[in-house]
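Here's the structure we're looking at; comments come further down.
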Amino acid sequence: MAGLLSGLESLGLGNLENMDIFGKDKKEEKVKAEKKAAEKPEFKETDFIYDKTFKCPVCDHDFTAKIMKTGKAKLKKPDFDLRLVYEGGFVAEKYDVVLCPTCGYAALTRYFGALLPTQAKAVKENITSNIVLTKYNDDTYSFDQALERYKIALACAVVKRAKASEKALICLRTAWLLRSYREFLEGEEGDFTDLIESLTEQEAEYHSNAYNGFLEARGSEDVPIAGMDSVTLDYLLANLAFHLKDYPTCSRMISGVLTSPSANARIKDKLRELKDELAKVKQ
Ligand SMILES: [Zn+2]
């Protein structure tokens, strides 16, 4: 069907032949859409992170890693294993591994710093000489990218003979990340059954390693352990023990905190609730 404006071509106005006569100005529509978006702020992951510059203690190169902005995301609640859940679905643990794109050395933000010469040498020999790093330039880290970063950090921690607490904290945060990933998929459309099953299995494995690592650290390191005082560590261990069905240890950790003069009332209340749960499963 010829349009109302057909024939304009012969007038040298062919580019106007297919104009939508009653259509709104595209620019005007765009402005309206932008105004609407501004009225109803949507969750933007990039608002909560920034590029921070680090100096690599292994290869001496400067590089940037995406790090969470402090005080920006609103905390909803901590989980039983201390995972911090934020409003809007921001997944903080995605941004806690610093990875050097030149040599492949990676560590949790709190541990990224000076290394002993023997440790740097071990990383060069066992990580740098073998690693093939994935290149990515997105504004945010995907769950898979973040998981990859945690795995490299764990490999580096093993190679540099890190303390049990450092390895345990990497495992704990990986478990958080796997849970956040699973929860994200559960809210998406599509069939992710196999992936969700695999994430759940991996989470259990990382929880178990975190638990054993923190128990080892508790017996061999001085507090603070991975930034936790003894009450917080025992609170975490009580919860992990319950989760992993190690009930005798769970009971021991609860009693220790409940009789500790330095434990605050809120932690004691939470552990009294856990004690009730423990009594129920023991019946
Ligand atoms: Zn490096």
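The values are calculated or read from the model by the stated rules, or taken from the named source; none is laboratory data. Computed from a prediction, not measured in an experiment: that's the story for all the values here. So basically every Cβ, Gly included, is an ideal-geometry build from the backbone, and we count neighbours across all protein chains shown. Remember, those area values only see protein heavy atoms, side chains included, never the ligands or the DNA or RNA. Shrake-Rupley method; radii C 1.70, N 1.55, O 1.52, S 1.80 Å.
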Total residues in the range 197-223, condition open to solvent by less than 60 Å² (accessible area, probe 1.4 Å) and in a helix (DSSP H, G or I): 14
Just to verify a result, which residue in the range 129-156, among those that are open to solvent by 50 Å² or more (accessible area, probe 1.4 Å) and not in a loop (DSSP other than H, G, I, E, B), is farthest from the ligand (Cβ to nearest atom)? Asp144
In the set Pro117, Pro78, the lone residue that is more than 15 Å from the chain's Cα centre (by Cα) and either in contact (Cβ under 8 Å) with a residue 60 or more places away in the chain or more than 14 Å from the ligand (Cβ to nearest atom) (or both) is Pro117
Where in the range 69-115 are there strands (runs of 3 or more DSSP E), lying wholly inside it, with at least 2 residues that are in contact with a helix residue (DSSP H, G or I) (Cβ under 9 Å, 6 or more places away or on another chain) and under 30 Å from Val58 (Cα atoms)? 97-99, 106-108
In the range 55-71, residues that are touching a Pro at 6+ places or on another chain (Cβ under 6 Å) and either open to solvent by 60 Å² or more (accessible area, probe 1.4 Å) or more than 13 Å from the ligand (Cβ to nearest atom) (or both) total 0
Out of Lys52, Lys74, report the one residue that is under 27 Å from Ala210 (Cα atoms) and surrounded by fewer than 18 Cβ atoms within 10 Å (Cβ to Cβ). Lys74
